Structure formats: C-alpha cells, structure tokens
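Encoded as structure tokens, the structure appears first; notes follow it.
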Amino acid sequence: MDFFSRQDSARRTTRRLVFLFVLAVLAIMVAMNLVAWFLFGAQSGEVPSFGGWMQNRWFWLTSLLTLGLIVLGSSIRWLQLRGGGKALAKMVGARQVLPDSNDRLEQRLLNVAEEMSIASGTPVPSVYIMDEESGINAFVAGLETSDTILVVTRGTLEQLSRQELQGVVAHEFSHIFNGDMRINVKLISVLAGILILGQTGEFLMHALRFGQIGRASSRSRDSGGAGIIAALFLLGIAMMVLGYIGIFFGRLIKAGISRQREYLADASAVQYARDNEGIAGALIKIRGSSQGALLENRHAEETSHMCFGQPIRMNLNSLLATHPPLDARIKALKPDWQPDQPSTTRDAPPASGEMPAQAAGFAGAPDALVDSVGNPSPAHRQYAAGLIAGLPAPLRQAARQTHAQSSSRHLVLALLLTDNHDHREPLLQEIEATLGTGQALEVARLMTPLGQVQRRQRLALIDLAIPSLRRLSDTDAAALLKLMKSLIRQDQQITPFEYLLYSLLRKALGDSSGRDRRSLRSWKGLESEIALIVSSVLDAGGEAAEKQQQAFEAAMASFGFTGVRWQAQGFEAEKIHRALSRLSRLSPLLKKPLLTTLADCARQDGILRVEEIELIRAIAEHLDCPMPPALQQ
C-alpha cells in the first residue's frame with residue numbers, strides 16, 4: 001500500500017469514526033433514558049412501560065440533554081485543540097525544545113527529527129519533551145503537516161540509544177504519512193463528548209457531598225426536599241456508571257481504529273530505515289522497564305491512541321488496548337526474537353560532513369519519483385544526514401537560532417536573494433528600509449556562505465529554519481511574509497524557487513485551517529487548472545515548442561481532455577496558486593496520476609533538472625504530498 005492508498009484509507013477511517021461515534025452516542029442515550037425511566041417510576045410510584053416512557057416528554061428532554069452534553073464536551077475540546085499540535089502540547093504540559101538547544105540529548109533528538117524530515121520532504125516538526133515522564137513513549141500531533149509537533153518523554157531521551165530513537169521517530173513519522181495524525185486529534189474531541197457524562201456525574205456527587213447542594217440537603221430534611229436529594233444522588237451515581245460505559249466505548253473505538261495502524265507504522269519505520277533493530281530495541285526496552293510506556297499525565301487516557309506504546313494500564317488487552325501486545329509487535333519485527341533476549345542496538349554517531357554524491361538531475365523513471373512520496377528510503381535518510389552535516393556552520397546556526405532578532409528570518413531573506421543576482425542591491429535597500437540597517441547587514445552577511453552551497457541544499461536550509469520561524473509572533477510572521485511578497489514582485493518576475501520558498505513558509509506560518517476540504521473525485525471541471533500546471537512544468541524544461549506541444553497533448557489525453565492547445569505563458573504564480581488550491585481537493589488516488597504525469601512531462605528529455613524538481617516539489621507541497629529529495633538512480 002503506497003502513500004496515496006494509505007491516505008485514502010485514512011479518509012475512510014474518518015467516516016468509520018463518525019459511524020462509531022453515532023453508535024456510541026445512541027447507546028449512551030438509551031442507557032441514560034433507562035436511568036431516567038427508573039428514577040421517574042421511583043419518584044412517582046408508578047413505572048410506565050418503556051414504550052410508554054418514549055411517549056413521555058421527559059424521554060425527549062432526557063435525550064436532548066444527554067445529546068447536548070455530549071456535543072458540548074466534544075465542542076469544548078475541539079475549540080481547545082483547533083490550534084493544532086501546539087495546543088495539544090500545551091494540554092499535556094510538554095516543553096518545547098529550542099532549535100538551538102545545547103543539551104546533548106535534546107540536540108540528538110533534534111538531529112534525528114531533522115534527518116527524517118528532510119529525507120521525507122515534510123516540514124521539520126516542532127519538538128517537545130514531557131519532562132515529568134520517565135516511561136518510554138512518544139507521539140506526533142497536528143491538524144496539518146505544517147503545524148506538526150513531535151512529543152517524547154524524558155524517559156525516551158535518557159533510555160534509548162540513537163538507533164532506537166531513530167526507530168521511534170520513524171514510527172511516528174509514518175503516522176504523518178499514513179494520514180493518522182489528523183484522525184487522532186479528532187478522536188480526542190469525539191471521545192471528550194462521550195466521557196463528559198461521567199465527569200458530570202463526578203461533579204454532581206462532589207457538589208452533593210461538599211457544595212451548596214450538600215449544605216442545602218441538611219437544611220431540607222424536614223422540608224420535603226429529601227426525595228429530591230435522593231434522586232440527585234442516584235442520578236449522580238448513574239451518570240458516573242454511564243461514564244464507565246463511555247470509557248468502554250471510547251476505548252473500543254480507539255482500539256478498532258488504532259491497533260492495526262500501529263502494526264503498519266512499525267512496518268513503515270523498518271522500511272524507512274531498513275533497520276528493524278532500532279524500533280525492536282525500543283520495544284524490548286519498554287518490555288523490560290518497570291515503568292514501560294506508562295504515562296502519569298492526567299490526559300494519558302485521552303491521548304493513549306496517539307502514543308508509541310500503551311500509556312495506560314489495561315485489563316482487557318485483547319479487546320480494548322489501543323496497541324497490540326508488545327511481544328506480538330516485537331515478533332512481527334524480529335521473528336527469531338526470544339523473551340529473554342536484550343536489545344542489541346548501538347548509539348551510532350551522527351553523519352559526517354561528507355554529502356553522498358548526487359547528479360545535477362534525476363535520471364530515474366517518473367514513477368520512482370512519485371512512488372517515493374510518503375516512502376523515504378534509507379538512501380534518502382543517509383542523503384539527508386550528509387546534506388545537513390555538509391552545510392556551512394554559519395548557515396546551520398542561522399537556521400536554528402530563535403532569539404528576537406531571528407537569524408532564521410535573515411536566512412530566509414538571503415535565500416530569496418539567491419535567485420535575484422541582478423537585483424540584490426535594490427532588494428537589500430528595501431530590507432533595510434523595512435527592518436533597519438542592522439538586520440539588512442545580517443542578511444548580506446549570510447549571502448557569502450550561501451554562495452558556497454549547491455542549489456539542492458537550499459531546500460534543506462528552508463526545512464531546518466521552519467521550527468525557528470514558527471516561534472515568530474503572528475505579527476512578525478505576517479510582516480515577514482509581506483516583505484517576502486514585496487521582494488519577490490519587485491523585478492516583475494517570479495521564479496519557481498521563489499514560489500516554492502514563499503509557499504513553504506506561508507503554509508508553515510499561516511493558517512490553512514479554514515480552507516475548503518470538500519473532496520474532488522473526478523477530473524470533471526478541472527481542465528483549465530490541469531492545463532495550466534502541465535504547461536508550467538513543460539515550460540520549465542525549456543524544450544522545443546513542438547516537443548512541448550506533443551507532451552502537452554499526451555498529458556491532457558491521459559486525463560480525458562482532448563483538443564486543448566498549449567501556449568507558453570511563462571511562470572504565472574498567482575494563476576498557478578489558484579489552480580493548485582483547487583487541485584489540492586483531489587482525492588488521494590487522483591493525486592498520484594497527476595504527479596506522475598507532471599514528472600513524466602519534466603523528464604521528457606531524459607533528465608529531471610533541479611529547477612524542475614523544485615517546481616514539482618512546490619506542486620506536491622500544495623497537494624499535501626510529502627516528496628523526498630530526488631536521488632540519482
């Protein structure tokens with residue numbers, strides 16, 4: 001199953017989640033009505049049939065109140081989490097690791113996350129640590145790849161070797177590729193509604209015992225209020241019992257959705273690293289640790305389906321556990337493993353500064369480029385590690401600095417100037433007028449080491465800078481994007497790299513939560529958008545007009561469009577952006593043939609140039625398809 005099939009499967013899982021939630025809500029409403037039916041009969045001294053109860057106005061009132069509470073609970077949690085990964089990190093009390101941290105263990109974690117991100121073509125996530133947790137666990141969260149966070153426990157940092165840590169991070173990245181991340185956040189909101197009845201019952205019992213209701217009960221014993229107090233007491237007990245029903249259904253839903261996806265994530269992690277020892281070693285250490293993967297955090301129940309290991313104690317492992325048994329997971333990774341066999345992983349050093357050789361273009365089949373989407377290989381990881389280590393130290397430091405006069409911001413502006421050799425002075429003057437002389441000098445200073453990097457290394461610098469840039473205030477982020485837009489437009493010509501740079505940062509710093517998510521399941525009505533994108537890719541290749549026309553007609557025919565003529569228009573960024581905004585709504589299974597066709601168009605002369613790869617990467621980014629670096633085949 002490739003990336004596109006896994007994404008399609010994730011969408012079906014979302015629909016199944018809605019179905020299971022509706023069933024759970026109906027079951028809770030029936031249970032709540034049974035309680036109300038009994039209390040009504042006990043209070044009135046006459047118990048109607050349940051069919052008769054369904055005709056009573058109290059049946060509808062009970063049903064509406066129950067449904068209202070569930071919707072309220074889900075809505076409150078969704079409002080808390082609509083901020084994406086950062087909101088969830090705040091909820092669990094995790095501390096963000098600064099990109100320029102000097103702590104050895106934290107720096108090792110950051111390096112592993114950076115390597116996996118660049119190898120897979122995804123933005124580097126913001127990294128957080130749960131300092132109070134000694135168990136071995138981790139999770140990723142976010143509503144978009146642009147706001148992804150990676151959270152690990154202190155026990156993970158201190159107990160795992162680098163090889164094991166790579167296995168855990170690869171496992172968590174596979175949840176991003178498999179489309180699990182957004183589902184997991186939604187699941188927290190859904191289950192909050194199911195659990196709210198039990199929480200309401202606990203609140204009611206607490207109020208009866210210690211609050212105003214409890215004090216009122218002692219004053220009302222001689223005034224006929226004892227019956228009401230007794231009814232409230234029974235209602236509180238019943239709602240607490242219903243809370244356990246909610247927990248049961250919640251765990252059942254999580255188990256049904258999460259368990260097989262954990263096996264898939266384990267297998268994907270091995271595929272990315274070609275190393276089963278790392279992730280297996282982490283699981284073996286969890287198995288042999290007294291704390292295991294358990295979390296003490298009060299939100300462990302809510303987040304259990306997101307974690308690398310089972311974070312809560314379970315009595316009915318076979319039915320309600322969100323994760324398969326540890327022994328089964330280890331056996332799936334290492335069939336010859338024995339329970340008394342310890343972990344044999346090593347704390348391997350990071351990559352050296354030598355960058356693996358790569359030609360200026362990609363000579364493999366277009367299918368290979370598209371098949372790599374969401375499927376980074378060990379070669380990609382090795383290449384990414386060497387790419388990072390091979391960057392000049394001043395550029396690595398600038399990308400990771402997080403102080404107020406952010407060097408990561410200066411680096412982005414300097415990268416923007418690399419495509420404007422003839423207009424650098426006017427652009428630097430505009431930067432000086434906007435940010436001041438000191439910051440303009442910082443941008444100019446970074447231009448010198450940037451002259452030493454190869455073109456393909458620029459994307460790695462962008463990825464490295466994103467976590468630091470995310471720390472900008474909303475005002476500073478908006479000002480940076482506004483300045484970039486002005487600089488890009490100054491020479492009246494937008495290059496594919498400028499468009500890619502701006503698109504990546506706009507997605508990382510902007511808000512995409514309000515975009516239209518209605519899925520398009522056919523090519524119908526998309527002729528003009530596809531024609532524009534295909535024309536842009538062909539135009540970037542610089543082939544003769546006759547060959548471009550032939551390739552254009554063949555590409556359009558593959559989508560069922562005939563009789564469409566191609567006219568060279570240059571790179572029209574605004575039109576391309578609008579077209580991609582609509583094409584991003586394509587179902588995952590339609591995105592694959594689109595990207596394959598574009599790669600085929602770019603490679604019609606037998607090679608994919610770096611400029612063409614940058615354009616295809618920008619298109620893939622808009623389509624939410626993480627594209628790894630293009631390696632020579």
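The values are calculated or read from the model by the stated rules, or taken from the named source; none is laboratory data. What you see is a predicted model, and the numbers here were worked out from it, not measured in a lab. Note that we place each Cβ from the backbone using ideal geometry, even for glycine, and neighbour counts take in every protein chain shown.
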**Request:** Of the numbered conditions (1) outside the structural domain of Trp566 (by TED's automatic domain parsing); (2) touching a helix residue (DSSP H, G or I) at 6+ places or on another chain (Cβ under 8 Å); (3) acidic (Asp, Glu), Asp474 fails exactly one; give the number of that condition.
**Result:** (2)
**Asked** Considering Leu623, Leu608, Leu583, Leu598, which residue is hydrophobic (A, V, I, L, M, F, W, C), within 24 Å of the chain's Cα centre (by Cα) and over 20 Å from Pro123 (Cα atoms)?
**Response** Leu583
**Complete:** Checked pairs for region 543-558, first in a helix (DSSP H, G or I), second among the basic types (Lys, Arg), C-beta under 8 Å and 6 or more apart or across chains, list as Gln549/Arg565
**Request:** Report yes if Glu527 is at pLDDT 90 or above, surrounded by fewer than 20 Cβ atoms within 10 Å (Cβ to Cβ) and either farther than 30 Å from Gln397 by Cα or acidic (Asp, Glu) (or both), otherwise no.
**Result:** yes
**Message:** Regarding region 423-433, can at least one residue be identified that is surrounded by fewer than 17 Cβ atoms within 10 Å (Cβ to Cβ) and outside any helix (DSSP H, G or I)?
**Reply:** no
**Complete:** Conditions (1) in contact (Cβ under 8 Å) with a residue 60 or more places away in the chain; (2) at positive phi -> Ile183 fails only (2)
**Asked** What single numbered condition from (1) among the polar types (S, T, N, Q); (2) loosely packed, with under 13 Cβ neighbours inside 10 Å; (3) modelled with pLDDT of 75 or more fails to hold for Gln7?
**Response** (2)
**Message:** Exactly one of these conditions fails for Ile118: (1) without any contact (Cβ under 8 Å) to a residue 40 or more places away in the chain; (2) buried (at least 21 other Cβ atoms within 10 Å of the Cβ). Give me its number.
**Reply:** (1)
**Request:** Please state which of the following conditions Gly436 fails to meet, knowing it meets all the rest: (1) over 17 Å from Glu498 (Cα atoms); (2) in contact with a helix residue (DSSP H, G or I) (Cβ under 7 Å, 6 or more places away or on another chain); (3) surrounded by fewer than 17 Cβ atoms within 10 Å (Cβ to Cβ).
**Result:** (2)
**Prompt:** So is Arg458 touching a residue at least 40 places away in the same chain (Cβ under 8 Å) and farther than 29 Å from Ala87 by Cβ or not?
**Reply:** yes
**Complete:** Inside region 530-542, the number of residues satisfying the requirement of being in contact (Cβ under 8 Å) with a residue 40 or more places away in the chain and buried (at least 20 other Cβ atoms within 10 Å of the Cβ) is 8
**Request:** Look at Arg108 and say whether it is modelled with pLDDT under 90 and assigned to a helix (DSSP H, G or I).
**Result:** no
**Message:** Cβ-Cβ distance below 6 Å, separation of 6 or more or different chains: which pairs start in region 229-249 with a residue that is loosely packed, with under 15 Cβ neighbours inside 10 Å and end on one that is at pLDDT 75 or above and assigned to a helix (DSSP H, G or I)?
**Reply:** none
**Item:** Among residues of region 539-584, those that are under 17 Å from Tyr499 (Cα atoms) and among the aromatic types (Phe, Trp, Tyr), counted
**Value:** 1
**Item:** Residue list for region 15-39, filter: among the β-branched types (Val, Ile, Thr) and surrounded by fewer than 16 Cβ atoms within 10 Å (Cβ to Cβ)
**Value:** Val18, Val22, Val30
**Message:** Looking at region 2-12, can you tell me whether even one residue there is polar (S, T, N, Q) and without any contact (Cβ under 8 Å) to a residue 60 or more places away in the chain?
**Reply:** no
**Matching residues, region 53-100, being of a type in the set (Gly, Ala, Ser), touching a helix residue (DSSP H, G or I) at 6+ places or on another chain (Cβ under 6 Å) and assigned to a loop (DSSP other than H, G, I, E, B)** = Gly84
**Matching option when the condition is touching a Ser or Thr at 6+ places or on another chain (Cβ under 6 Å) and polar (S, T, N, Q), among Ser74, Ser63, Ser49** = Ser74
**Entirely in region 438-540, the helices (runs of 4 or more DSSP H) that have 3 or more residues that are within 26 Å of Ala119 (Cβ to Cβ)** = 457-469, 496-509
**Condition met for Gly142 (assigned by TED's automatic domain parsing to the domain that holds Arg261 and out of contact with any Gly (no Cβ under 6 Å at 6 or more places or on another chain))** = no
